[in-house]
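The values are calculated or read from the model by the stated rules, or taken from the named source; none is laboratory data. All of these numbers come straight from a predicted model, not from anything done at the bench. When we count neighbours, we look across all protein chains shown, and the Cβ atoms used for this are built from the backbone with ideal geometry, even at glycine.
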Amino acid sequence: MLPVLDFHHFLQSPHGPDGAQFCRRLVQTCHDSGFFFLTGHGVDPAQNDKLLAVSQKFFALPARERHEIAIARSPHFRGYTLLGDELTQGKNAWRDQLDIGPEEEAIAMTPDDPDWLRLRGPNQWPAKLPELRGVVTSWAQNMKNISMELFRALAIGLGHDYHYFDDLMTPNPYFRIKISRYPAQTDAKRAGQGLGLHHDSGLFTLITQNQVPGLQIQRGGDLQDIEPLDGAFIVNLGEMFQIATNGFLKATKHQVKSPPLGAERISIAYFMNPRLDAIFEPIPLPPEIAARAEGGQNTDPGDPIYSTFGENTLKIRKRSHPDVVAAHYASDPAP
């Protein structure tokens, strides 16, 4: 069972004693494992249910209609990924999904512009399911509000001002939503892998899902099954927080196993990240926290971590979606 953190008291009084207690517990939890259930967040459960229901409608569309918004059509990495087409750690993930980001105009690129500006642009929405856009957009706004308050709670817990992270997030943080379906599979050679072992690349990830389990987190070399908790978001940290705190905050590896025959897992992940041009620098830590930091940089020379968020994100997106690279980035160096 993951720790359960009740956000209610912080949201009511971030500078009061109950709010301070939440900040302390948040920091300790993010140091211990970087995974927790968040309750008391104020999002109406009916909104999550509505999002899950319309997501199921999307996956129930005929394949032809889903393929009309294939992610390979978008240089911004927005759209539908066919079952098995995404790569994680070089292996095919057994899920299909819809990727959504901030709704923006595409940038008119010049030769001097960094490639990661191409991540900005419009989403692709299914023509036969017009309700999806409104439901997702409304949910995304609520998730942005929650995420901003989590950043502020973490800032206080790390000894900083309530607004310490605000400049990185305004005016346009680069969120990403991934609506995923994990179907059952019968191929024994895949050993039930829905999504391979990995850690997230950004800052906070918040997940809502149906009642079909599948998420596993790595603790001490072992994999721990995480059962859904009604009304709670699963929250985990990404590697940028781990690096910026010299390993004090943890980006824990996790994976998803495929469900049993007759079931499918639907999950919606909201990745809250800074502006694409944000440079995420080391976070000053109080001495008592700094003394517990164990080092956080990924030392794999083939997987460098860039300080500019957009550059780091484009690297990861290219690695996960070779079909988009082939269609829109063929002249670029290999990710």
Q: Tell me, please, whether a residue that is without any contact (Cβ under 8 Å) to a residue 12 or more places away in the chain, surrounded by fewer than 19 Cβ atoms within 10 Å (Cβ to Cβ) and not acidic (Asp, Glu) can be found in segment 114-130.
A: yes
Q: Evaluate segment 23-37: report whether one residue or more is charged (D, E, K, R) and over 23 Å from the mean Cα position of the chain (by Cα).
A: yes
Q: Give segment 29-86 a look and list any residue that's in contact with a helix residue (DSSP H, G or I) (Cβ under 7 Å, 6 or more places away or on another chain) and in a strand (DSSP E or B), or say none.
A: PHE36, GLY79, TYR80, THR81
**Q.** Subset of segment 146-163 [free of Cβ contacts under 8 Å to residues at least 12 places away in the same chain and part of a loop (DSSP other than H, G, I, E, B)]
**A.** ASP161, HIS163
Q | Residue identified as surrounded by 15 or more Cβ atoms within 10 Å (Cβ to Cβ), assigned to a loop (DSSP other than H, G, I, E, B), within 19 Å of the chain's Cα centre (by Cα) and modelled with pLDDT of 90 or more among PRO173, PRO228 | A | PRO228
Q: Output the number of residues of segment 248-265 satisfying the condition of being buried (at least 21 other Cβ atoms within 10 Å of the Cβ) and in contact with a strand residue (DSSP E or B) (Cβ under 9 Å, 6 or more places away or on another chain).
A: 7
Q. In segment 263-279, which residues are within 15 Å of PHE165 (Cβ to Cβ) and either in contact (Cβ under 8 Å) with a residue 60 or more places away in the chain or among the basic types (Lys, Arg) (or both)?
A. MET272, ASN273, PRO274, ARG275, ALA278
